[in-house]
Amino acid sequence: MRNPLFGNRSAHAAISFLLALFFGGIIAYSQVSTASVGGTITDPSGALVPDAQVVLKSDATGLERKGGTNSDGAYSFDFVPIGEYSLEVTAPGFQGQRKTKITLNTADKDRLDFQLTLSSDTMIVQVSADSVTLDTTSPQQVFNLSSTAITELPVSRQDWTSVLQLGAGITTNGGGPSPAGASLSINGLPPAGFNLTVDGTNATSDPETPAFGFYQGPNIINTINNDAIAEVSIVKGIAPATVGGTMSGNVNIVTKSGTNQFHGSLYEINETSALDARNQFLTFKPRLTFNEFGGSIGGPIFPKKIFGFGSYEGARISAFQAVSATVPTPYLKSIAPQYANVLNAYPTIAQPADPTAISAQYFGVGALKQSDGNGAARIDYNPNENNLIYVRYIRARPFKINPDAISINARTTTGHADAINAGYTHSGHNWTSLTRFGSNRIRLQRLDGGFSSDLEELVVGGIDSEGSEQFVKSGHFYSFEQQFARTLGKHSLTTGFILQWQNAGRTDFNTATLKYGSTSDFVRNLPNQAVITFDLSPFNLRSYQYGGFVQDDYKITSDLTLNLGVRYDYFTIPKENSGRVFNRGVDPANPQLGPGFGAYLPANSMYSGDYNNFQPRVGFTLAPGGAKNTVLRGGAGVFVSPHPIFGGPIEEVQDSASTPFRITLTGAQATNSGLKYPLPRASYKDALADLQARGIVSTQVVNTAINSNFPNPYSLQWMLGMEQTLPFSHRLEIDYVGNRASKLNMTETRNLPNRTTGILPAPNFPQFRYYYAGDASNYNGLQVQLIKAPWHGLSYGASYAWSRNMSFADANLLLQTNPQDNDNIKADYGRTPFDVRQRFHSNFLWVPDIAGIMGMHSRRSKLLLDGWQIAGIVSAETGTPVVVRNSNSSYPSDRPDVVNGVSPYLSNSRSTRLYLNAGAFAAVPISPLSLAQVRGGNLRRNEISNPGLITFDATLGKTFDFTETLKFQLKASAFNAFNHTNYSGLQGNVASSQFGQLTTATPRTVQLTGRLTF
């Protein structure tokens, strides 16, 4: 990467920087999972008080950390576990003070100053901490979800990721060709650019990319069960140099610990189709039974020394799930009997009114079975006030049988994940250290039912049978992290490092794909594209991360803090254990063809290393006039992500130099070689040998190519904002946030035929996928957030973001949508798939004291009137972009033309479900020689949008207090409570008879919960 602030740097300079940090003994690294609290102690005249004694005490465990003020009257407690605390200050000749009810959340940098009064009295004056505090020391943006929010707000099926959208600038419903679980965009940056941790160490559920859930979503429970979560925190914006390995932000989950008293819970959640509304696309309600159950227990093993906590959550779904697909009509089956094995596997439908229609949209149901189990256990050991040790384990075992419109092709998926994390915090005389170790092992297996019968993928006129596959992916992360913090005068210094090892591998077997440009070609069995995926035996890629940082928060005056940080990360090039990495460079005889057509590069050298990942960060906070109710903040910084294994490197592995993983043949190549339906897996080797013998395909055929200059993606971010306290315990945040992401993946299909002549640039090569760091995005947004601290049982919050997010491709780090024209990338400049122009989300929780308000205090009155609560989430968003393309073209991303003066949207779509006006788009002619459009269409990429959405989720609950500690809660939650029809699933293929139709909707669902706590 070419850093815009530092320019190019040599490998020697980078490594020297790391070695200097390491042997200097001050290195450390950590994703944010703790808090810090500090301040100054003054006397009545404002003079600093050195050598004052300060004690921080946990309300939950009773553990104390002792410290004192330095010569500048400053004190600091770093790496403090989140929770409720009290803080006591004493000094000779002064009256002591104690502040109680101090809430520390993840990434908090609370500043609590004390002004002592002269007195010889040893009595301690006690006051409550302010309910609303502002961050006066850091420009970072932090969004926290407490365990109360996750438990009490309406959260469907305990999925805590569904409420991340409550934060401004956080989009969880982004599109794009990404694996399930990686669709979180923070401040408009790539969905795979975030970092997911639990207690500060890697917690992804996919070994190839950051993800909350397993690949393609067989899990019900994301990452960890809700009862184990103490808090979820997202650090974004101008994060300190402690945050690394991410270009967008860090999502960290802090797990619960045991306390000095035993606490626990048991719960059951139930959802049945009897209480749900009917899906708007069905004439009946499919049967559904969902049960989720679990519990937790925590408490002292040895009081004030060793604490334990454990939880388990299980989930079961048995249902008939709505299934929709574009399916063949009886007419198509009658004119193409040679495809009977595939076409007859589709559900039978009546012929549409058009007697020659070859496809129609099918809405039906299929059998869904899904189960999940997630357990967590944690032990905390506190040998003395200066040392804290913990060990935590998470176990996940999802299973899913997913139905398909082709009933024989149901998909069975099983997953395994085991994550261990350990941490050690030590408090010295004037410094604190934090050491962490993490291990995260993931494995997923997937099998399509049609694989045993060689079900091939046929694509024609919007119909896509999708083929079948047997697939395994697995991997492991190990990490070691160290961090030190120290206060020196007005400087709060933190420094550290990370060493992380990652491996990822696959086993993959696929059936063939045959695509046809027209019905006549389909009938004549003349594909315009043939794809053969050769068996890929097990392999393993490994890579490493070495990183270090220094952060200085310099309090220049009592009003102004300057935040200065720099970090450096080096991510090694992935290497395969048996040397099976095959990337082709440039052919010297034909340099105009570009990479991918030359000889194989040396094994395990798929691209050059990037040593230029210096990441400076500068920020400030200003509290004008020393006021605590207004804070101005701003800054800028550079943030670097590694290349996900999914985003190119995984495709560089093949079984041998002469056996690619996949080849894509044009229609002419397929015809010349006689390849057509059927194309069973047993014939693959013979087909490849014949193609190579006849010179149609090279004996060293390319699979996927990556540009040898493949620098790490990075973002340059900047922001300016304000925090303000308002009456009645409100806090308002207003931020302008901007960023530019560079060196993002660009994915092209190379060796496409000339649009006019059909001639291939390299006739003895198939088409292949080519990755290079050519995409870029920009984001500009106004973000507003209002938070109300609990007051008389009422708390609420709201966020609004107005933004614009643009790129040249999908602004992703994974597999991108191809540009329409490889030679004119700028013509694809348009909205990112996760560009949501306006987003509003609000939430509230109210637990009214009805008996107290009515003055009724008898036990019967309190039993009937107390314990009620209502909660809700209101969401409103504009629509996400939709890719409009022409699948009849042999080019992968051809678009139609725009008909000027004709609106693309129909006004009666809510009644007809037809959203787009086909008359607003004009087809571009297809060349008979290339089977591609003679040119690209002039419709801009992602110009068309899905409809927007409006939802209201609500919960009504009642808690019964049997004793002071034994309680039972019963509540009902309705999601999309008013059953407002939110259509989506817009069909954007102009070659399909279903073009412009809306195919999915979200009906109301109802969930009942019973929870016993003790």
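Any read-out appearing in this document is the output of simple, stated calculations on the displayed coordinates, not a laboratory observation. Values in this document were obtained by computation on a predicted structure and should not be read as measured data. Backbone-built Cβ (ideal geometry, glycine too); neighbour counts: all protein chains shown.
From most to least packed by mean Cβ count within 10 Å, the peptides 857-865, 872-880, 278-286 give 872-880, 278-286, 857-865.
Partners of LYS685 within straight-line reach, counting aspartates and glutamates whose Cα lies under 14 Å from its Cα and excluding those fewer than 8 residues away in the same chain: ASP535, ASP655. Computed from label points 7 Å out along Cα-Cβ, the spacing between LEU282 and SER520 is 4.2 nm.
Take the Cβ atoms of TRP501 and ASN430, set R0 to 22 Å, and the FRET efficiency comes out at 0.05. Couplings 3J(HN,Hα) of segment 377-389, computed from phi: 9, 9, 10, 10, 10, 10, x, 7, 5, 9, 9, 10, 10 Hz, in residue order, whole Hz [Karplus 6.51 cos²θ - 1.76 cosθ + 1.60, θ = phi - 60°; x for Gly and Pro]. Annotation: for a label point projected 7 angstrom from Cα along Cα→Cβ of ASP690, no residues of segment 914-948 have a backbone N closer than 15 Å. The ranking of ARG895, ARG1004 from fewest to most other beta carbons within 10 Å of each one's beta carbon is ARG1004, ARG895. The aspartates and glutamates whose alpha-carbon is closer than 17 Å to the alpha-carbon of LYS304, local same-chain residues fewer than 8 away aside, are ASP59, GLU64, GLU84, ASP380, GLU385. Each peptide among 97-107, 377-387 gets the average number of other Cβ atoms lying within 10 Å of its residues, and from highest to lowest they stand as 97-107, 377-387. Does anyone have the angle between helix 11-23 and the longest principal axis of the chain? Alpha-carbon axes, 0 to 90°, nearest 10? Once rounded, the angle reads 30 degrees. Per-residue 3J(HN,Hα) values for segment 327-343, derived from phi via the Karplus relation 6.51 cos²θ - 1.76 cosθ + 1.60 with θ = phi - 60°, read 10, x, 8, x, 4, 5, 4, 6, 9, 9, x, 5, 9, 4, 4, 8, 5 Hz in sequence order (x marks Gly and Pro).
For the chain, find the longest principal axis of its Cα atoms and tell me its angle to the long axis of helix 684-693, 0 to 90°, nearest 10. Tilt relative to the chain: about 60 degrees.
Pairs exceeding a 21 Å alpha-carbon distance, out of LYS473/LYS515; LYS473/LYS743; LYS101/LYS788; LYS555/LYS628; LYS101/LYS490: LYS473/LYS515; LYS473/LYS743; LYS101/LYS490. Modelled this way, with points 7 Å down the Cα-to-C-beta line, the labels at ASN577 and THR1000 are 3.7 nm from one another.
Here segment 44-169 is described by how far its Cα atoms reach on the three principal axes: 58, 30, 22 Å, from widest to narrowest.
For Rg and Dmax of the Cα atoms in Å, pick the label among (i) 34.5, 121; (ii) 41.9, 158; (iii) 30.0, 102 that corresponds to the value derived from the coordinates. This structure yields the entry labelled (iii). Protection proxy ranking, highest mean first, for peptides 720-728, 216-224, 198-206, 52-60: 198-206, 216-224, 52-60, 720-728, where packing is the per-residue count of other beta-carbon atoms within 10 Å, averaged.
For PHE79, nonlocal amide neighbours, meaning residues 5 or more places apart or on other chains whose placed amide H falls under 5 Å from its own, are ALA35. Please give, to one decimal in nm, the separation of the simple spin-label points placed at ILE335 and TYR600, each 7 Å out from Cα toward the Cβ. Each label point is offset 7 Å from its Cα along the Cβ direction, giving 4.6 nm.
The largest-to-smallest principal axis extents of the Cα set in segment 244-286 are 52, 41, 10 Å. Segment 294-343 and segment 736-787 have Cα centres lying 32 Å from one another.
Sorted fewest first by neighbouring Cβ atoms within 10 angstrom, MET606, MET854 come out as MET854, MET606.
Among SER33, SER803, SER265, sorting on how many other beta-carbon atoms sit within 10 Å of each Cβ, with the fewest leading, yields SER265, SER803, SER33. Rounded to the nearest Hz, the phi-derived 3J(HN,Hα) couplings of segment 561-574 under the Karplus curve 6.51 cos²θ - 1.76 cosθ + 1.60 (θ = phi - 60°) are 10, 10, 10, 10, x, 8, 9, 9, 10, 10, 10, 6, 6, x, where x marks glycine and proline.
I want the local charge near TYR393. Using Cβ-Cβ distances under 10 Å, sum +1 for each Lys or Arg and -1 for each Asp or Glu among the other residues. Around TYR393, the surrounding residues sum to +2. Here segment 269-703 is treated with +1 on each Lys and Arg Cβ and -1 on each Asp and Glu Cβ, and its dipole about the Cα centre works out to around 1020 debye. Electrostatic bookkeeping for ASN384 treats Lys and Arg as +1 and Asp and Glu as -1; over the other residues with beta carbon under 15 Å from its beta carbon, the sum is +2.
Compute the distance from the alpha-carbon center of segment 366-403 to that of segment 938-999, in whole Å. Taking the Cα centre of segment 938-999 as reference, the centre of segment 366-403 is 28 Å away.
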